1. Is there any pair with a first residue in the range 12-26 that is free of Cβ contacts under 8 Å to residues at least 12 places away in the same chain and a second that is within 8 Å of the ligand (Cβ to nearest atom) and part of a loop (DSSP other than H, G, I, E, B) whose Cβ atoms are under 6 Å apart and which are 6 or more apart or on different chains, and what are they?
2. Of all residues in the range 9-28, how many are within 9 Å of the ligand (Cβ to nearest atom) and part of a loop (DSSP other than H, G, I, E, B)?
Ligand SMILES: [Zn+2]
């Protein structure tokens, strides 16, 4: 019985966080699922736009709050 032996490939840096990891498959380029998702989130223009829109909405909301506060002070 040889037992379970996981083949390890040469350690390489994760393409997302640059952390050196040992890939389980020869084509693995991210150290974890989070990095894989992060990488593609940045590459996906729709996700980029959604991120910017979310930031804009938050900005507008805080600006509206500031505006209301100023108006209440006068
Ligand atoms: Zn990583």
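1. Once the first residue is free of Cβ contacts under 8 Å to residues at least 12 places away in the same chain and sits in the range 12-26, its partners that are within 8 Å of the ligand (Cβ to nearest atom) and part of a loop (DSSP other than H, G, I, E, B) give 21/14; 21/31.
2. The initial filter retains those residues of the range 9-28 that are within 9 Å of the ligand (Cβ to nearest atom), namely 13-19, 21.
Applying the additional criterion that residues be part of a loop (DSSP other than H, G, I, E, B) yields 14-19.
Here the count works out to 6.
Per-residue answers, yes or no, for (1) assigned to a loop (DSSP other than H, G, I, E, B); (2) modelled with pLDDT of 90 or more; (3) surrounded by 10 or more Cβ atoms within 10 Å (Cβ to Cβ):
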residue	(1), (2), (3)
3	yes, no, no
34	no, yes, yes
39	no, no, yes
46	no, no, no
59	no, yes, yes
63	no, no, yes
67	no, no, yes
71	no, no, no
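The values are calculated or read from the model by the stated rules, or taken from the named source; none is laboratory data. Since the structure is predicted, the reported quantities are computational estimates derived from the model, not experimental observations. Every residue, glycine among them, receives a Cβ derived from its backbone with ideal geometry; neighbour counts consider all protein chains shown.
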